[in-house]
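Participant: Please read through the structure below; I'll follow up with questions.
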Amino acid sequence: MKKTLKITGMHCKSCEILLSEAIGDTGVKVLSASHSKGEIVVDLSGEDKMPLVKKAVEGEGYHLA
């Protein structure tokens, strides 16, 4: 299931890379990331990994909006 996550605090390409790697480490596939839109699109097929994704995002100092 494709889901768009709104993330506050992203302001450069490095933010996209950092968050894509952190989310990817949870086993969730990142489809795209855009700091200008403040969003990351992920594939959440399978088990519910949103708690892990939220923890990964917040662990890097960002917040899900």
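Participant: If you go through the stretch 1-29 one residue at a time, how many are in contact with a Leu (Cβ under 8 Å, 6 or more places away or on another chain) and of a type in the set (A, V, I, L, M, F, W, C)?
Facilitator: Residues that pass the stated criteria total 5.
Participant: Counting only residues that are part of a loop (DSSP other than H, G, I, E, B) and surrounded by fewer than 13 Cβ atoms within 10 Å (Cβ to Cβ), which one in the stretch 31-46 is modelled with the lowest pLDDT? If you could, list the steps in order and put the result at the bottom.
Facilitator: So in the stretch 31-46, the residues part of a loop (DSSP other than H, G, I, E, B) come out as 35-38, 44-46.
Remaining after also requiring surrounded by fewer than 13 Cβ atoms within 10 Å (Cβ to Cβ): 36, 45-46.
Numbers: Ser36: 96, Ser45: 86, Gly46: 81.
Among them, the one singled out is Gly46.
Participant: While we're looking at this one, here's another question. Within the stretch 5-16, how many residues are surrounded by 13 or more Cβ atoms within 10 Å (Cβ to Cβ) and without any contact (Cβ under 8 Å) to a residue 40 or more places away in the chain?
Facilitator: In the first step, residues of the stretch 5-16 are kept if they are surrounded by 13 or more Cβ atoms within 10 Å (Cβ to Cβ); the result is 5, 7, 9-10, 15-16.
From what's left, without any contact (Cβ under 8 Å) to a residue 40 or more places away in the chain: 16.
Residues that pass the stated criteria total 1.
Participant: Here is a follow-up. Could you list all residues from the stretch 18-49 that are among the aliphatic types (A, V, I, L, M) and more than 10 Å from the chain's Cα centre (by Cα)? Steps first, answer last, please.
Facilitator: Within the stretch 18-49, the subset among the aliphatic types (A, V, I, L, M) is 18-19, 22-23, 28, 30-31, 33, 40-42, 44.
Matches in the stretch 18-49: Leu44 only.
Participant: Please determine, by comparing only the residues of the stretch 17-28 that are surrounded by 15 or more Cβ atoms within 10 Å (Cβ to Cβ) and without any contact (Cβ under 8 Å) to a residue 40 or more places away in the chain, which one is farthest from Met1 (Cα to Cα).
Facilitator: As a first pass, look at the stretch 17-28 and keep what is surrounded by 15 or more Cβ atoms within 10 Å (Cβ to Cβ): 18-20, 22-23, 26, 28.
Retained after the next criterion (residues that are without any contact (Cβ under 8 Å) to a residue 40 or more places away in the chain): 20, 22-23, 26, 28.
On the way: Ser20: 17, Ala22: 19, Ile23: 15, Thr26: 16, Val28: 11 Å.
Among residues in the stretch 17-28 that are surrounded by 15 or more Cβ atoms within 10 Å (Cβ to Cβ) and without any contact (Cβ under 8 Å) to a residue 40 or more places away in the chain, the one farthest from Met1 (Cα to Cα) is Ala22.
Participant: Another question about this same structure. Which condition number does Pro51 fail, the rest of (1) surrounded by 11 or more Cβ atoms within 10 Å (Cβ to Cβ); (2) in a helix (DSSP H, G or I) being met?
Facilitator: Here Pro51 clears every test but (1).
The values are calculated or read from the model by the stated rules, or taken from the named source; none is laboratory data. This is a predicted model, so every value here is computed, not measured. Cβ atoms come from the backbone with ideal geometry, glycine included; neighbour counts cover every protein chain shown.
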